[in-house]
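First up is the structure itself, then whatever we jot down about it.
The values are calculated or read from the model by the stated rules, or taken from the named source; none is laboratory data. Keep in mind the model is a prediction, meaning the values are calculated, not measured. Here Cβ is always computed from backbone atoms with ideal geometry, including for glycine, and neighbour counts include all displayed protein chains. To get the accessible areas, we keep the full protein, side chains included, count just its heavy atoms, and leave off ligands, DNA and RNA. Shrake-Rupley method; radii C 1.70, N 1.55, O 1.52, S 1.80 Å.
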Amino acid sequence: MRETVSLIAPEGSALSREQVAGLVSRVCSEADYRGKRVLLIVPDGTRTAPVGLLFQALFREIGKVTKAFDVLIALGTHQPMSEPAICQRLEITGADRRETYRHVKFFNHAWEDPEQLRRVGTLTADEISNITDGLFAMEVPVEINRLLFEYDQVIIIGPVFPHEVVGCSGGNKYLFPGVGGPQILNFFHWLGAVVTNPMIIGNKWTPVRKVVDRAGAMVKTDKLCFCMVVASDKSLAGLFAGTPEGAWDKASDLSRKIHITFKDKPFHTIVSCAPAMYDELWTAGKCMYKLEPVLADDGELIIYAPHLAEVCVSHGKHIEEIGYHCRDYFLKQWDRFKEIPWGVLAHSAHVRGIGTYENGVEQCRAEVTLATRIPSERCRKINLGFRKVESIQPEEYANREDEGILLVPKAGEVLFQLKHPPRWARGNGGNGAEPIT
């Protein structure tokens with residue numbers, strides 16, 4: 001078992017480049033990597049983290065003695081990144097790419113291409129039933145990008161934040177869904193939605209985390225993981241190196257301390273500003289997930305994103321077909337929706353939030369409104385509210401928390417929770433969910 005090596009900056013400060021380089025040197029000795037093939041797995045541009053800092057430190061330490069030192073982008077189902085975008089992610093210039101890093105190969109994960117995947121095992125129906133407390137009883141094939149098996153060492157680099165599907169991101173999540181196949185991906189996203197976002201987000205040992213770690217154990221390639229905990233100014237508050245499970249365990253504890261903001265009362269109006277790194281509603285939905293716990297009943301959450309004009313390139317057709325609805329809307333009409341990719345159903349339910357579906361009537365707890373470049377007709381078609389983006393001046397919503405109005409200038413990563421959560425955020429998220437086989 002690989003020991004976890006930890007660095008935590010004193011409160012109010014950040015880790016220096018020298019400290020990061022020192023940890024990398026301690027964990028990755030030149031002698032251990034000489035002549036080996038190394039594959040780095042890093043997140044795409046939708047995660048805030050100094051990925052380049054780690055990439056460059058690793059390259060300086062071992063890049064010149066390895067037989068291969070390559071990069072695979074953990075896209076999940078996101079769009080492929082261009083070479084300039086990957087360079088930006090790795091914080092290198094075009095000249096750096098042509099000179100220092102000219103032998104480094106860049107790969108985008110292609111989750112829907114069977115030729116790029118290898119099956120590593122199957123989660124049995126009994127395992128799934130045990131992990132999900134009987135909510136699901138079904139076999140789930142586990143596939144992952146076959147590139148992992150062409151290298152001697154896989155090194156995972158990525159941040160840890162509260163996460164709506166798995167609880168806390170990082171660790172094996174950069175394998176599943178990062179570079180995983182569609183069946184495991186669709187399964188555990190829907191599992192998270194069935195349990196519900198408020199019951200999952202910010203918690204460590206969720207059913208989805210158990211699925212992700214069980215799947216990760218099926219990948220027998222040697223794995224080293226660097227888990228980063230990123231402060232609000234994009235600096236490193238902590239860095240943890242070890243197995244995906246061990247590094248994540250310690251990093252998630254620190255993340256829960258610095259990435260959760262507690263409020264005394266819910267807000268009837270929330271303006272949740274999406275940063276430019278969320279260029280589709282598929283990712284900008286995080287602006288709802290992280291704020292749903294402090295959104296009042298019958299309140300309105302506005303996703304403000306003047307740059308955003310697309311729902312989702314990969315899954316837009318399905319989203320247009322089903323729209324955005326609460327979990328029970330799908331569960332109580334399961335025969336109608338079960339053939340839709342479950343990851344799409346999960347996204348829909350997460351964005352729309354908690355609600356009920358009784359006697360053919362859907363009643364969502366609160367409203368979700370888009371102030372984007374997506375036209376009003378399209379918003380209505382997908383069952384979301386619409387405001388003209390020009391009608392929202394974010395500064396007008398600032399410093400009005402006493403009035404029940406909250407402005408979040410950069411939403412999507414920090415989680416907001418109530419000090420005293422309501423029952424719907426504490427109860428059994430599986431209520432109303434029949435076992436799915």
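Listing for the model above:
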quantity: The range 190-306: relative contact order as a whole-number percent, Cα under 8 Å and 6+ apart; calculated: 20 percent
quantity: Separation between Cα centres of the range 93-160 and the range 353-411, rounded to whole Å; calculated: 35 Å
quantity: Qualifying trypsin sites (Lys or Arg not before Pro) for the range 47-84 [loop in DSSP, other Cβ within 10 Å: at most 14]; calculated: LYS64, LYS67
quantity: Convex hull of the range 158-271 built on C-alpha atoms - directionally averaged projected area, nm²; calculated: 8.2 nm²
quantity: Per DSSP, loop trypsin sites (Lys or Arg not before Pro) in the range 89-161 with at most 12 further Cβ within 10 Å; calculated: ARG102, LYS105
quantity: Most fluctuating residue given options GLU390, GLU164, GLU292, as computed from a GNM of the chain linking Cα atoms under 10 Å; calculated: GLU390
quantity: The range 219-354 - Kirkwood radius from inverse mean 1/r over Cα pairs (Å); calculated: 17.6 Å
quantity: Cα-based shape type of the chain, given that a ≥ b ≥ c are square roots of the gyration tensor eigenvalues and the cut on a/c is 1.5; calculated: prolate
quantity: Taking the range 21-71 and dividing mean pair separation by its residue count, relative contact order in percent (alpha carbons under 8 Å, at least six apart); calculated: 59 percent
quantity: Among PRO394, PRO341, PRO244, residue whose mean-square fluctuation peaks in a GNM of the chain (springs only between Cα atoms under 10 Å); calculated: PRO394
quantity: Those lysines that a straight Cα-Cα span of less than 18 Å connects to LYS381, excepting residues fewer than 8 apart in one chain; calculated: LYS317
quantity: Within straight-line cross-link reach of LYS286, aspartates and glutamates at Cα separation under 12 Å, skipping those fewer than 8 residues along the same chain; calculated: GLU164, GLU413
quantity: Within a Gaussian network of the chain (alpha carbon springs, distance under 10 Å), most fluctuating of HIS315, HIS347, HIS163; calculated: HIS315
quantity: Span from the the range 195-226 Cα centroid across to the the range 314-352 one, whole angstrom; calculated: 23 Å
quantity: Antiparallel DSSP beta bridges within the chain, percent to nearest 5; calculated: 35 percent
quantity: Three-way shape label, the range 122-175, alpha-carbon gyration tensor, a/c 1.5; calculated: oblate
quantity: Solvent-accessible heavy-atom area per residue, rounded to whole Å², over the range 128-274 at 1.4 Å; calculated: 28 Å²
quantity: Qualifying aspartates and glutamates (Cα of each under 16 Å from Cα of LYS36; at least 8 residues distant if same chain); calculated: GLU61, ASP70, GLU150, ASP152, ASP222
quantity: Accessible surface of the chain, 1.4 Å probe, proportion on carbon and sulfur as whole %; calculated: 47 percent
quantity: Signed unit charges on C-beta, dipole axis of the chain, positive-most listed residue ALA31, HIS268, THR77; calculated: ALA31
quantity: Computed helical MRE - 222 nm, the chain, DSSP H runs ≥ 4 contributing -39500 (n - 2.57), nearest 500; calculated: -7500 deg cm²/dmol
quantity: Prolate/oblate/rounded label for the range 1-159 (Cα gyration tensor, a/c 1.5); calculated: prolate
quantity: Alpha carbon centroid spacing (whole Å) that separates the range 41-83 from the range 256-284; calculated: 27 Å
quantity: DSSP beta bridges in the range 59-146 [antiparallel fraction, %, rounded to 5]; calculated: 65 percent
quantity: Cleavage-rule hits (trypsin sites (Lys or Arg not before Pro)) in the range 193-276: DSSP loop, at most 11 neighbouring Cβ within 10 angstrom; calculated: LYS220, LYS234
